[in-house]
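For reference, the structure is listed below as structure tokens.
The values are calculated or read from the model by the stated rules, or taken from the named source; none is laboratory data. The structure displayed is predicted, hence computed values, not measured ones. As a convention, Cβ positions derive from the backbone with ideal geometry for all residues, glycine included, and neighbour counts pool all protein chains shown. Ligands, DNA and RNA are stripped out before the accessible areas are found, and what is left, the full protein with its side chains, is counted by its heavy atoms. Shrake-Rupley method; radii C 1.70, N 1.55, O 1.52, S 1.80 Å.
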Amino acid sequence: YFFVADGGSIGVNYGRIADNLPSAVKVVQLLKSQGLSRVKVFDADPSVLRSLAGSGIKVTVDLPNEMLSSAAKKPSFAAAWVQRNVAAYHPATEIEAIAVGNEVFVDTHNTTKFLIQAMRNIHQALVKSNLHSAIKVSSPIALSALQNSYPSSAGSFRQELVEPVFRPMLEFLRETGSYLMVNAYPFFAYEANSDVISLDYALFRENPGNVDAGNGLRYFSLFDAQIDAVFAAMSALKFDDIEMVVSETGWPSKGDGTEIGASVANAAAYNGNLVRRILTGGGTPLRPKADLTVYLFALFNEDDKNGPTSERNYGLFYPNEEKVYDIPFTSEGLKKYKDKRAPATGGGHVTAPPVTGGGVSRSTTRNTWCVASGEAGEEKLQAALDFACGEGGADCRQIQPGAACFKPNTVEAHASFAFNSYYQRNERAGGSCYFGGAAYVVAQPPSAYSRLIHPLSRYLFVCCGKC
């Protein structure tokens with residue numbers, strides 16, 4: 001038994017990349033029956049917004065990434081979008097926020113440059129409709145936006161994003177009284193580092209904790225460590241006053257054989273213990289008073305999603321509306337809730353990996369690679385190559401003289417091999433494919449990528465499976 005205090009708020013992401021989901025009307029009934037009072041959608045579908053009218057459920061709608069350039073270049077487009085997708089439904093449908101894009105920095109269509117102006121134009125459209133005080137504007141970021149994420153106290157944003165994106169974004173959020181949206185998935189850090197991260201630490205179970213040498217705080221969950229890395233990054237830019245909403249987090253109930261930790265039991269433990277953690281009050285070690293609003297991912301298993309098996313198994317419910325596992329979503333339900341596995345008692349290992357906070361986005365993390373930038377110049381590439389193969393710990397045996405990937409014997413070829421080895425070994429974490437601007441992430445395998453525009457096509461095709 002435990003005391004239920006006033007805490008944060010639990011919402012859910014309602015994705016619809018499936019061909020077997022119930023009608024929007026039935027979905028709203030399901031949300032209400034479960035006591036879920038917040039929902040986030042990935043578009044502004046009329047049938048969904050109409051069905052939510054009068055429900056009392058607060059709604060976050062999304063302006064898709066493919067519309068960012070139009071919203072940025074044409075204030076008239078932003079105004080028409082707000083009129084059609086927001087003003088037409090509010091206040092009967094309680095739209096409380098607009099997510100402008102989603103994980104824009106990992107979008108392969110290079111939409112980052114449009115983000116800030118799109119956010120400003122959408123906000124100005126709300127002002128013209130006199131909705132700006134009721135509806136906030138933000139944009140969900142993936143943890144790959146971090147340059148450093150371990151320890152949490154060293155959290156910082158990627159250097160190349162600070163001045164063009166993060167400083168103006170945080171200034172905009174401050175000006176408009178909005179909050180930063182963050183997508184955080186401890187599952188990926190655990191999956192890639194299960195040999196050094198304890199499952200109890202990842203699932204909010206009792207564990208000895210992990211002391212952050214930078215601030216002396218003890219962390220008892222990977223989730224808190226990830227969130228505080230973002231808070232620290234905001235603080236480093238002097239934006240301690242900006243609040244945060246966790247716009248996505250979750251754990252898959254099923255995965256491929258290589259997806260360590262994906263199971264019904266672990267998904268139930270992560271989401272159930274997270275709900276308890278949020279609703280019983282208290283913030284993070286760094287921001288103890290910051291009660292969080294957290295949106296679980298996702299409402300349903302979505303059978304049309306691409307990628308590994310886990311992508312189709314994040315749902316709290318099957319499409320027939322049965323629960324995948326039984327967890328509560330309300331303070332009342334928590335009174336009877338108990339994690340099905342007895343909490344561990346001390347002595348377990350909780351060693352954080354070299355970079356805990358990262359992982360690209362849930363949708364792209366298993367499909368990204370790190371390649372050298374030929375524009376960086378040989379001197380910069382060589383210095384980064386020396387670091388990667390030295391203290392960086394990349395496996396560079398295959399690019400030694402006489403080894404399979406030594407030829408072509410160029411700095412750019414060897415750097416691509418070493419950078420990708422380092423990137424994959426560090427769970428594709430934020431900042432692990434940067435090397436002072438000498439590298440960048442691609443969302444196609446180096447083999448496919450190189451056949452299109454990279455002169456080292458055969459080399460990458462043959463060798464990057466080894467890196």
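Across region 282-307, what is the number of residues that are open to solvent by 20 Å² or more (accessible area, probe 1.4 Å) and of a type outside the set (A, V, I, L, M)?
Count: 12.
Report the residue count in region 100-142 for those that are at pLDDT 95 or above, part of a loop (DSSP other than H, G, I, E, B), of a type in the set (Ser, Thr, Tyr) and within 29 Å of ARG428 (Cβ to Cβ).
1
Report yes if ASN85 is crowded, with 21+ Cβ neighbours inside 10 Å, in contact with a strand residue (DSSP E or B) (Cβ under 9 Å, 6 or more places away or on another chain), in contact (Cβ under 8 Å) with a residue 12 or more places away in the chain and of a type in the set (S, T, N, Q), otherwise no.
Judged against the criteria, ASN85 is not a match.
Give region 152-195 a look and list any residue that's open to solvent by 30 Å² or more (accessible area, probe 1.4 Å), assigned to a loop (DSSP other than H, G, I, E, B) and not acidic (Asp, Glu), or say none.
If the condition is that a residue be open to solvent by 30 Å² or more (accessible area, probe 1.4 Å), assigned to a loop (DSSP other than H, G, I, E, B) and not acidic (Asp, Glu), then ARG158, GLY177, SER194 are the ones that fit.
Per-residue answers, yes or no, for (1) of a type outside the set (Asp, Glu); (2) closer than 25 Å to GLN34 by Cα; (3) in contact (Cβ under 8 Å) with a residue 60 or more places away in the chain:
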| site | (1), (2), (3) |
| --- | --- |
| ASP241 | no, no, yes |
| GLU248 | no, yes, yes |
| SER253 | yes, yes, yes |
| GLY257 | yes, no, no |
| VAL275 | yes, yes, yes |
| PHE300 | yes, yes, yes |
| GLU311 | no, yes, no |
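Which of the residues spanning region 306-324 are at pLDDT 95 or above and not in a helix (DSSP H, G or I)?
ASN313, TYR314, GLY315, LEU316, PHE317, TYR318, PRO319, ASN320, GLU321, GLU322, LYS323, VAL324
Report the residue count in region 200-234 for those that are of a type outside the set (A, V, I, L, M), in contact with a helix residue (DSSP H, G or I) (Cβ under 7 Å, 6 or more places away or on another chain) and open to solvent by less than 10 Å² (accessible area, probe 1.4 Å).
7
For region 244-275, give me each residue that is open to solvent by 10 Å² or more (accessible area, probe 1.4 Å), modelled with pLDDT under 95 and of a type in the set (D, E, K, R).
Residue satisfying the conditions is ASP256 alone.
Just give me the residues in region 42-56 being open to solvent by 40 Å² or more (accessible area, probe 1.4 Å) and either outside any loop (DSSP other than H, G, I, E, B) or in contact with a Ser or Thr (Cβ under 6 Å, 6 or more places away or on another chain) (or both), in sequence order.
Once the filter is applied, which keeps residues that are open to solvent by 40 Å² or more (accessible area, probe 1.4 Å) and either outside any loop (DSSP other than H, G, I, E, B) or in contact with a Ser or Thr (Cβ under 6 Å, 6 or more places away or on another chain) (or both), region 42-56 yields PRO46, SER47, ARG50, ALA53.
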